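Heads up, the thing below is written out as structure tokens.
The values are calculated or read from the model by the stated rules, or taken from the named source; none is laboratory data. Note that this is a predicted model, so its numbers are computed, not measured. Positions of Cβ are backbone-derived with ideal geometry, glycine not excepted, and every protein chain shown enters the neighbour counts.
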Amino acid sequence: MTEIPHQRICIFGTGPRRPEYSRNILVHDSLEACDVDIVDCTAPLSLSADRRTSALRGNPLALALMVVRLAAAWAVLLSRWRTVRQADAIWVPYPAHIDVVLAAIIRRPRQRIYMDAFISLYDTVIVDRGLGRSSRLFPFLVRWWERMALNRADVAIMDTPEHVTYLRSLYPNCRSRLTWLPAGIDAAAWSCDHPSPANSPLRAILWSTFIPLHGVEVVVNAARLCHARKLPIQFVIYGDGQIAPAISALMQEQDLPNLEWNRGWFTVSNLRDAACAADICLGIFGTSRKAASVIPYKVQQALCAGRPTITARTPASARLLSDRESAILCDPGDAESLTNALEWCIDHRGRLDEIGRRGRRVFDTELSASAIRLRLRRILDGAET
């Protein structure tokens, strides 16, 4: 086994290690499994995703709260500067785009910084979620900040090779080495201990935070088409979020007796139980560039659960999944294509369990904690780009 050159790594930043930040949990555990001596210099920022989004939208109270809590967390981090400098390298956990700047200020010369960027800030905030598009200044500032943050790190880590390619095109003069590490989920929290229940009618579920990337409107329109074709499918949606009001309006415009929406926020165990009780899990169907570049948590969770998964055919999904072998792929943004995929599932119910099992094997090989550990070791060795 190759010896890792950085035996003592300081995890530095405000990124929390909570279930909704499973990336940070898996990275911490993977570093330990690589026999790295971890020095914990974190000051987790106790701010919900909703408040972060509100702050980015310009809500003055949410923005003030975020600034106050970030300042308090940075004060704690600054008090540990001697400990940080004693490490061989610094790992800035997700979300790293702000904390990496502080890490660059207090590091000692030639101390390596690993920035777990995970996502493109500009692509997520401006392009995918459409925040601040009415302003010319805000998109410029987000892009300027991301470029500056990436240049403060020696190694910047994304979640897929497709995301790395995008960042290289967005920032062609980026000085950091760009590489990728799968997003990672807690497999124990998503594994089902029984086969698909063979519901009648077929039960297809979607859980979503209602961001544009997920393409929830495609699922709603597919439910309408399935009802018109009299296909025996019951859709169940769980979640709430940014585009929920628009989805609610869309649903009110049409008769959808085959669609049930449980609106609200649900625990991981709630969603796992729903996935295990389903015949099919629905992934993402958005058409954005980001949708084409990610294997999101929800798709990984469905694969881990061993349920046949329908998701958009994208460069990222096609790299890992084979259509009608380890998943069922359809055209992004196309309700007709999703409906045809669901009709195929009805006509080939006998193949669904095997597709679910093969999907789980893809998860174990490419996306599991053991796969993440192997790739992380190669990143620390400098062998991966």
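Brief remarks follow.
- Restricting F118, F12 to those that are modelled with pLDDT of 80 or more, under 26 Å from W144 (Cβ atoms) and in contact with a Cys (Cβ under 8 Å, 6 or more places away or on another chain) reduces the list to F12.
- Of the residues I233, I211, I185, the single one that is among the hydrophobic types (A, V, I, L, M, F, W, C), at pLDDT below 95 and farther than 21 Å from S326 by Cβ is I211.
- Scanning region 171-204 for residues that are farther than 23 Å from A316 by Cβ, of a type in the set (S, T, N, Q) and crowded, with 16+ Cβ neighbours inside 10 Å yields a single hit, S196.
- Residue within region 254-263 that is surrounded by fewer than 16 Cβ atoms within 10 Å (Cβ to Cβ), modelled with pLDDT under 95 and not assigned by TED's automatic domain parsing to the domain that holds T160 present: yes
- Meets criteria (touching an Asp or Glu at 6+ places or on another chain (Cβ under 7 Å), touching a residue at least 60 places away in the same chain (Cβ under 8 Å) and part of a helix (DSSP H, G or I)) for L225: yes
- Positions within region 128-174 being part of a loop (DSSP other than H, G, I, E, B), of a type outside the set (S, T, N, Q) and within 21 Å of the chain's Cα centre (by Cα), in sequence order: R129, G130, L131, D159
- Residue match in region 285-306 (condition: touching a Leu at 6+ places or on another chain (Cβ under 9 Å), free of Cβ contacts under 8 Å to residues at least 12 places away in the same chain and small (G, A, S)): no
- The number of residues in region 16-43 being out of contact with any Cys (no Cβ under 6 Å at 6 or more places or on another chain), surrounded by 13 or more Cβ atoms within 10 Å (Cβ to Cβ) and modelled with pLDDT of 90 or more comes to 15.
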